[in-house]
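First up is the structure itself, then whatever we jot down about it.
The values are calculated or read from the model by the stated rules, or taken from the named source; none is laboratory data. Quantities reported herein were computed from a predicted structural model and do not represent experimental measurements. Note that each Cβ is placed from the backbone with ideal geometry, even for glycine, and that neighbours are counted across all protein chains shown. Note: accessible area is taken over every heavy atom of the protein model, side chains too, but ligands, DNA and RNA are not part of it. Shrake-Rupley method; radii C 1.70, N 1.55, O 1.52, S 1.80 Å.
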Amino acid sequence: MSATEQELNAFRQQVSAWLADNKPADPGFLLPQSFMEVGTEQQLEFLREWQYRVWNAGYLGMAWPKEYGGGGVEPVFQSIVDQEMRRHAVPICFNVIGLGWAGPLINHIGSEEEKARYLKGILTGEDIWCQGFSEPDHGSDLGNAQTRAVRDGDEYIVNGTKIWTTMGNFAKYMILLARTNPNAERKYDGLSFFLSPMQVPGIDARPIRKITGEYGFTETFFTDARIPADCLMGAEGQGWKIAMQTLQYERGAEAGAAGGLAFVRVLINDMIEELRDMTRDGEPLLRDPVVRDQLVQLIMEEKANALCEKRGAIQALGTDYPFSLQLSHKLRFSEYGRRMRQFAVGLQGAAGGLYVGDAQARQGGFWQRAYFNNFSTTIGGGTSQVQANIIAEHVLGLPK
Amino acid sequence: MTVINNTSLAFDEDQAMILDVARDFCRERSPIGAVRAQLDAPLGYDQALWQEMVGLGWPGLALPESVGGSGLGIRHAVGIAEAMGRALLGTPLISTTLAAQLVARATAEERVDAFLADVAAGVPATVALLENPDWGSDQCQCLFDESGVLQGAKHFVPDAQAAGWFVVVTRHRELPALALVRADQLPAGAIVPHTLIDETKRAATVDFSGVQLTPDAIIAGEQVTVALCDFYLLGALLTAAEATGSAGACLDTTVEYLKTRKQFGKLIGSYQALKHPCVDILMAIDSARSFVYHAATLLEDGSLGRDAEIACRMAKAQAGDALLQAGDRAVQFHGGMGFTYECDAQLYIRRAQWSSQQFGDALHHRKRLAALLLDTAA
Ligand SMILES: Cc1cc2nc3c(=O)[nH]c(=O)nc-3n(C[C@H](O)[C@H](O)[C@H](O)COP(=O)(O)OP(=O)(O)OC[C@H]3O[C@@H](n4cnc5c(N)ncnc54)[C@H](O)[C@@H]3O)c2cc1C
């Protein structure tokens, strides 16, 4: 039976009150704006504690099965929590690769044993997950991944290099795409999917410094690393299919995530409020006709994205281009974010040239850092160009 | 309150049913051959087809049952406009719907019932508003004297050639007023057709000089000013809905060509320089469609509020630009073929040029949106 409006409203109030009481105070150090920006132990411990507190209060994984640490209720409850979290501007639930990608995957296609072994630790934040898909020579062309996994008794021996592994140095588990059959006729058919442990000899995750000067991802080397054979998800050769399903969750095209915020949303309203006191040519910036027109275009874009998200749920308005709104979700939000943040920095006059650490940087360099970090969404999870290919081919039916 | 604020989007069963019926009807009755057959016809549409639309109750959709209408809200007309745009189906339906909205919103007096009943019964009507090309101008020199005789001309009057009724925007005691004029009151030669860039549409200059108004034909009072604002926003919205439909059809035409034309031994649709702009256009159309139905969600029978105004303006700005982009690329992506009269790309780019200039172009609306969004303290 589905919840009544009254119940949902009461629940919303309860969540809101809890968040107001439990929102952590500013820790005094720079917090990650997304799960791809966790660079220090200090940040990690702060976020881990927060995620645990949210789960412990019953506000994470609400729609996941009860027996695996979830709440066993309708997804609408988690949606309400997420909305309220956004409204209260609380920190992110950082274990996103588990909560948002590996978790739903295990929930939907995993065995009972896999569910029992992995799901709860994802929710509590005890088990951090990372994703080993990209390689130095194979990023967009993921189907060509060459990291090898060779069966040896009840183990696989893994050799190769993964890269851009978000939280690779903190993770306990990795969703790993590796080649079990280099002779397969189609390159895709040689791939297999593993729920691999990270703390085994032969796996070395070395942090890489990012564009922002901070840390957050690693280059991950596998040198004769032995992982148990029961880490294989599905059967050998199904890796590509499973990886594609994972990417559907990652790109927001398919539901099932545990919930919580993966990103601190940066909204145009915040930017406009922040700019109200600025001037251009000695006049209030918001009086400048060119700036005004560009701001209106950005406001329209942000609003259109929100409306498209809503329209995606209305079947009668989605028949023209099936899956268009779902498949373009990532491209829309990430490219908009990039343009909006770049514009925000550009409006700052000479202060636009300052960075985090400068006492005179506006909001401590928030917009500069936010602009840089936004590239994680236009590159990670499949670049914008690759997204455009996917939409052209799958929605418009254009040839490869 | 934030600059994004209201994001309501609802679509009820009536709307869904009307959209379905309208799409099927327009697809069957207005294939591209039928559209082309009307390009140089004086009225620009098939009278029998119009009668079928009247039979479906479309002109009176948003009029009360007491005058023969269906008693639905104006939001229900939005899907029809989109479906017509998709099929490039002309006819005076949009002009007529808007004329009736203007009058019904300007007064509740029974003396306009005859006019509204005519509209519901399928007599085309139109609003004579502009005296110069500037949608932001409030120039109004088409005035009547003490004995009720009109003097002055209006330009860009849509579907004037077909109209049985004109709703003339005039002034009375310094305030905007409306005058209802029947086509048979016009002197011979009063209607001088424009040559439009969009050959599926019709418009004319209409000289109302010498028309004798009866006192009953004049609608004055403060409500007229409010009704005119609503009319102009509804006009922007229905034009946006129509443009959104046309943009979708235009994209389909381009994509179809990209899937069949080969160069360098490959289907040209495999080239990303063609593929990615198609995706941009698809997303622009998706945004337009979301704005259009968001605006429809906010329409009330009463006068339009601030959120509805913002929504209508955004819909028009977005849809106009989306169609321009779709039409422009349709021509380019057809190569030499795209430069011909025979290629359907011309129909869409011509519609785009026309459509973007109805009820204010994108810049016009964004300028007003800036004031609405940025000048009030959030
Ligand atoms: C912050 C961040 C976090 C990440 N986290 C992870 C992670 O946790 N796990 C993981 O596995 N990966 C991760 N990635 C990697 C990410 O998925 C890859 O960077 C991405 O898929 C692109 O691959 P690449 O870097 O090899 O670039 P390339 O594929 O070499 O692309 C270079 C350029 O070529 C363009 N290009 C490539 N192919 C095409 C094509 N067919 N058509 C048009 N243009 C094309 C691309 O758009 C790009 O602009 C992360 C990346 C970032 C930036």
Cα gyration tensor shape of the range B:146-236, rounded if a/c is under 1.5, else prolate or oblate by comparing a/b with b/c: oblate
Along the charge dipole of chain A, which of A:188, A:321, A:223 sits closest to the positive end, that is, farthest toward it, with unit charges on the beta carbon of Lys, Arg, Asp and Glu (+1, +1, -1, -1)? A:321
Under a Gaussian network model of chain B whose springs join Cα atoms within less than 10 Å, the largest fluctuation of B:355, B:287, B:147 belongs to B:147
Just want to confirm a number: the relative contact order over chain B, from Cα pairs under 8 angstrom separated by 6+ residues, in percent. 17 percent
Using the Cα centre of the range B:212-320 as origin and beta-carbon charges of +1 (Lys, Arg) and -1 (Asp, Glu), tell me which of B:217, B:239, B:276 is placed farthest towards the positive end of the dipole. B:276
Quick check on the range A:134-192: what are the equivalent-ellipsoid semi-axes from the Cα gyration tensor, as sqrt(5λ), descending, whole Å? 20, 17, 8
Fluctuation leader among A:271, A:167, A:36 - chain A, Gaussian network, Cα springs under 10 angstrom: A:271
Return the subset of A:187/A:400; A:303/B:201; A:172/A:241; A:187/B:262; A:310/B:201; A:66/A:162 for which the Cα-Cα distance in this structure is over 26 Å, preserving the input order. A:303/B:201; A:187/B:262; A:310/B:201; A:66/A:162
Placing one identical point scatterer on every Cα of the range A:268-394 and ignoring solvent, what is log10 I(q)/I(0) from the Debye formula at q = 0.09, 0.21 Å⁻¹? -0.33, -1.19
Tell me the angle of helix A:75-88 to the major Cα principal axis of chain A, expressed in degrees between 0 and 90 and rounded to the nearest ten. 40 degrees
On the full set of protein chains, 1.4 Å probe, figure out the accessible area of residue A:164 and give it in Å² to the nearest 10. 130 Å²
Compute the normalised compactness of the range A:130-250: alpha-carbon radius of gyration over 2.2 N^0.38 Å, N being the residue count. 0.99
For residue A:166, the residues 5 or more places away or on another chain with a placed amide H closer than 5 Å to its own amide H are A:131, A:218
Lys, Arg +1 and Asp, Glu -1 on Cβ, resulting dipole of the range A:268-394 about Cα centre, debye, nearest 20: 200 debye
Which of the GluC sites (Glu not before Pro) found in the range B:75-178 are in a DSSP loop and have at most 11 neighbouring Cβ atoms, other than their own, within 10 Å? B:109, B:146, B:174
With the 8 Å Cα cutoff and a minimum separation of six or more residues, the range A:335-400 has a relative contact order in percent of 27 percent
Residues of A:285-298, mean number of Cβ from any other protein chain within 10 Å of their own Cβ, rounded to a whole number? 4
Top to bottom by accessible area (1.4 Å), largest first, where do A:151, B:86, A:117 land? A:151, A:117, B:86
Rounded to the nearest 10, the angle in degrees between the Cα long axis of helix A:324-346 and the longest principal axis of the Cα atoms of chain A comes to 50 degrees
At the nearest 100 Å², what buried accessible area, both sides summed, do you get for A and B when the probe is 1.4 Å? 4200 Å²
Using unit Cβ charges (K, R positive; D, E negative) and no other charged atoms, how large, in debye to the nearest 20, is the dipole of the range A:5-128 about its Cα centre? 160 debye
With the cut-off at 1.5 for a/c, could you classify the range B:1-149 from its C-alpha gyration tensor as rounded, prolate or oblate? rounded
Diffing the range A:49-54: the Karplus 3J(HN,Hα) column from phi (6.51, -1.76, 1.60, θ = phi - 60°), in whole Hz with x for Gly and Pro, holds 5, 4, 4, 4, 4, 5
Any idea what diffusion coefficient chain A gets from Stokes-Einstein, in µm²/s, Kirkwood Rh on alpha carbon pairs, 25 °C, 0.890 mPa s? 109 µm²/s
Run the numbers on chain A and let me know its relative contact order in percent, using alpha-carbon pairs under 8 Å that are six or more apart. 14 percent
Shape of the range A:5-128, Cα gyration tensor, a/c cut at 1.5: oblate
How big is the dipole moment of the protein assembly as shown about its Cα centre under a simple scheme where the beta carbon of each Lys and Arg is +1, that of each Asp and Glu is -1, and everything else is neutral? Debye, nearest 20, please. 1780 debye
How many Cβ atoms of partner chains, on average, are near each residue of A:305-318 if near means within 10 Å of its Cβ? 6
Other protein chain Cβ atoms within 10 Å, averaged over every residue that makes up B:265-276: 4
What are the chymotrypsin sites (Phe, Trp or Tyr not before Pro) within the range B:288-378 that DSSP puts in a loop, where the Cβ has at most 16 other Cβ atoms within 10 Å? B:339, B:341
Nearest 5 is fine: what % of DSSP beta bridges in the protein assembly as shown come out antiparallel, could you say? 85 percent
What is the helix-to-structure angle for B:345-356, meaning the angle in degrees between its Cα long axis and the longest Cα principal axis of chain B, kept from 0 to 90 and rounded to the nearest 10? 40 degrees
With just the Cα atoms defining each centre, how far is the range B:104-128 from the range B:265-329? Give it in Å. 32 Å
Summarise the accessible area of the protein assembly as shown (1.4 Å probe, protein heavy atoms) by the percent that is carbon and sulfur. 52 percent
Roughly how far apart, in whole Å, are the Cα centres of the range A:64-107 and the range A:248-294? 24 Å
